[in-house]
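Undergrad: Got a structure for you, questions after.
Each reported figure results from applying straightforward, stated rules to the coordinates on display, with no laboratory input. All of these numbers come straight from a predicted model, not from anything done at the bench. Cβ placement follows ideal geometry from the backbone for every residue including glycine, while neighbour counts extend to all protein chains displayed.
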Amino acid sequence: IDLVAMKLADIRKYRNRKLIETDYLANSDVTMPDNIKTWRQSLRDLPANHTDEAAYDALLARDSDGNLTNSVWSKP
């Protein structure tokens, strides 16, 4: 089992979940705020901008309650 590939798969899973949570803002009858547009773009760029295991570990860091702690996961 390739641990690095599994970490990347987890990152994509969390990223896709966050994007789905805000997809409704992309409807034609809703104006998406610029900060949400920027945040969604940063989520889409995650795999390209984080390319090594240390970066994956930083993205997947959790607190004692099991919550992801990297700021990229927090909706503005």
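Undergrad: List, in order, the whole-Hz ³J(HN,Hα) value for each residue of region 71-76 obtained from phi through the Karplus relation with A = 6.51, B = -1.76, C = 1.60 and θ = phi - 60°; use x for Gly and Pro.
TA: These are the phi-based 3J(HN,Hα) values: 5, 4, 7, 8, 5, x Hz.
Undergrad: Tilt of helix 3-21 relative to the longest C-alpha principal axis of the chain, in degrees (0 to 90, nearest 10)?
TA: So the helix axis and the longest Cα principal axis differ by about 20 degrees.
Undergrad: I've got another one for you. Put +1 on the Cβ of every Lys and Arg and -1 on every Asp and Glu Cβ in the chain; which of Asn70, Leu46, Ile20 then has its Cα farthest towards the positive end of the dipole?
TA: It is Ile20.
Undergrad: Let me ask another. In terms of Cα to Cα distance under 18 Å, which lysines are near enough to Lys75, apart from those fewer than 8 places away along the same chain?
TA: List returned: Lys13, Lys18, Lys37.
Undergrad: Calculate, axis by axis, the spread of Cα positions in the chain along the three principal axes, and write the results as whole Å, longest axis first.
TA: 44, 26, 17
Undergrad: If the only charges are +1 at each Lys and Arg Cβ and -1 at each Asp and Glu Cβ, what is the size of the charge dipole of the chain around the Cα centre, to the nearest 20 debye?
TA: Magnitude of the dipole: close to 180 debye.
Undergrad: At what distance in nm do the modelled label points of Asn67 and Ala55 sit from each other, each positioned 7 Å from its Cα along Cα→Cβ?
TA: 2.6
Undergrad: Cβ under 9 Å from Leu60's Cβ, Leu60 left aside: what net charge do those residues give with Lys, Arg +1 and Asp, Glu -1?
TA: Surrounding charge for Leu60 is 0.
Undergrad: Cα axis of helix 34-44 to longest principal axis of the chain: angle in degrees, 0 to 90, nearest 10?
TA: Its long axis makes an angle of about 30 degrees.
Undergrad: Along region 57-65, what does the Karplus equation 6.51 cos²θ - 1.76 cosθ + 1.60 (θ = phi - 60°) give for ³J(HN,Hα), rounded to whole Hz, x for Gly and Pro?
TA: 4, 5, 5, 9, 4, 10, 8, 5, 8
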